[in-house]
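Participant: Starting off with a structure, shown below.
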Amino acid sequence: KVQENGGNDCEFYSWVLDVHTSRRQRLENDLHYAIERGELSVHYQPQVSLKTGKIMGCEALARWSHPTYNMISPDTFIPIAEEIGLIDKIGEWVLVQACKDLKKWQAFGFMSLKMAVNISVFQLNKADFRQKSINTLLANNILPKYIEFELTESCLVQDLVMAKQKIEALNSLDIRVSIDDFGTGYSSLKSLQKLPFNTLKIDRSFIQNVETNPSNSAITSNLIKIARSLGLKVVAEGVETVGELNFLKQHQCDGIQGFIFSYPLPASEMTNLLREGKCLKIQESLL
Ligand code: C2E
Ligand code: MG
Ligand code: MG
Ligand code: MG
């Protein structure tokens, strides 16, 4: 029956499925060799102080340039790396690059720059993560206080007691820890209350049209207040417009990251921004 009338459809759908599976399989296979083949790189997105308008640090973001599929988003390949057990290797490689680039910027005189690095819960849960991290910083002559590990809450809430121990262990080394994409996971306030973070990063979804969207305004202004009263710094993610920027400035958010100031950039372009002394223009009436 299927052969008579539906045959072509079936073939079509199985073909689509094949293409999808084979792409996914190729990504899995190729990710194993991506570092050796020089396909991975790290881009840096500036974090800007709303007090001074100056670059206070940057976030390291992994990039994969695949020979056939070109740029693969980290939202695609990081979960694959986690699934096939490559995240430790990739995460470690990113940290090394970030340390080397930070060292270079320090040598150029940008001494107070902070470097934020995303850490997967799979890395955090490895027994030797803390030791390996500190070894990497030592080997690259980077003081821990300049490094901030970004953790997403969805992966932490499963075991708050364990997460607390892991974060305290990083705190005791003087490595800073931030909670990333805040508000998008579960039990947000519980993790904020129980875990010793230094910085809260408000998710981009709450920042979008924050000055005109009443629920985003309410959530963002109160998140800033909560963070402040718990003694955390606040960084807003994904700031794209002047309206959003002004709102955040008015509500005393500490810093921003977003396309309004800069896209994530290769290290060389980040160096140029630093040397130019690029500053965020904030309306004078707000300063
Ligand atoms: P994230 O840590 O929340 O990083 C911020 C993401 O928002 C980045 O996407 C950045 O390019 C994007 N972004 C920044 N400003 C704006 C803006 O104004 N508008 C919009 N629309 N987007 C903005 P990216 O680089 O694609 O990274 C996506 C996610 O992949 C990251 O989200 C992080 O969770 C993960 N990731 C990236 N690199 C690594 C890594 O080395 N290790 C781990 N574990 N995860 C990583
Ligand atoms: Mg992040
Ligand atoms: Mg984020
Ligand atoms: Mg994210």
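The values are calculated or read from the model by the stated rules, or taken from the named source; none is laboratory data. What you see is a predicted model, and the numbers here were worked out from it, not measured in a lab. We place every Cβ from the backbone using ideal geometry, glycine too, and count neighbours over all the protein chains shown.
Participant: Scan segment 61-79 and report the pairs whose first residue is among the charged types (D, E, K, R) and whose second residue is surrounded by fewer than 17 Cβ atoms within 10 Å (Cβ to Cβ), with Cβ atoms within less than 7 Å and a gap of 6+ or a chain change.
Facilitator: Between residues of segment 61-79 that are among the charged types (D, E, K, R) and residues that are surrounded by fewer than 17 Cβ atoms within 10 Å (Cβ to Cβ), the close pairs are ARG63/SER41; ARG63/MET71.
Participant: Which one of these does PHE122 not meet: (1) under 21 Å from the mean Cα position of the chain (by Cα); (2) away from ligand 2 (no atom under 16 Å from the Cβ); (3) not β-branched (Val, Ile, Thr)?
Facilitator: (2)
Participant: So, one more: Could you check segment 98-120 and list, in sequence order, the residues that are touching a residue at least 60 places away in the same chain (Cβ under 8 Å) and closer than 16 Å to ALA62 by Cα?
Facilitator: ASP101, ALA116, ASN118
Participant: Just give me the residues in segment 21-33 being surrounded by 18 or more Cβ atoms within 10 Å (Cβ to Cβ) and either aromatic (Phe, Trp, Tyr) or touching a residue at least 40 places away in the same chain (Cβ under 8 Å) (or both), in sequence order.
Facilitator: Within segment 21-33, LEU27, LEU31 qualify.
Participant: For segment 209-259, which residues satisfy the criterion of being under 18 Å from VAL177 (Cα atoms) and among the acidic types (Asp, Glu)?
Facilitator: GLU237, ASP254
Participant: Also, I was wondering about something else. Quick one: which helices (runs of 4 or more DSSP H) lie wholly within segment 138-233 and hold at least 2 residues that are more than 16 Å from ligand 1 (Cβ to nearest atom)?
Facilitator: Answer list for segment 138-233: 160-173, 188-194, 214-229.
Participant: Give just the number: which of (1) within 16 Å of the chain's Cα centre (by Cα); (2) basic (Lys, Arg); (3) over 27 Å from LEU200 (Cβ atoms) does LYS103 not satisfy?
Facilitator: (1)
Participant: Any residue in segment 121-137 that is over 15 Å from ILE147 (Cβ atoms) sitting within a Cβ distance under 8 Å of a residue that is modelled with pLDDT under 95 and surrounded by fewer than 17 Cβ atoms within 10 Å (Cβ to Cβ)? List the pairs, counting only those 6 or more apart or interchain.
Facilitator: Close Cβ pairs satisfying both conditions: ASN125/MET162.
Participant: Does ASP174 meet the test of being within 15 Å of GLN47 (Cα to Cα) and either in contact (Cβ under 8 Å) with a residue 12 or more places away in the chain or touching a Phe, Trp or Tyr at 6+ places or on another chain (Cβ under 8 Å) (or both)?
Facilitator: No.
Listed here are the residues, each with its yes/no results for (1) within 21 Å of the chain's Cα centre (by Cα); (2) more than 16 Å from ligand 2 (Cβ to nearest atom).
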| position | (1), (2) |
| --- | --- |
| ASN171 | yes, yes |
| ILE179 | yes, no |
| PHE197 | yes, no |
| LYS201 | yes, no |
| GLN208 | yes, yes |
| SER217 | no, yes |
| LEU230 | no, yes |
| ASN246 | no, yes |
| HIS251 | no, yes |
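Participant: In segment 195-214, which residues are buried (at least 16 other Cβ atoms within 10 Å of the Cβ), away from ligand 4 (no atom under 13 Å from the Cβ) and within 19 Å of LEU156 (Cβ to Cβ)?
Facilitator: LEU195, PHE197, ASN198, THR199, LEU200 - these are the residues of segment 195-214 that are buried (at least 16 other Cβ atoms within 10 Å of the Cβ), away from ligand 4 (no atom under 13 Å from the Cβ) and within 19 Å of LEU156 (Cβ to Cβ).
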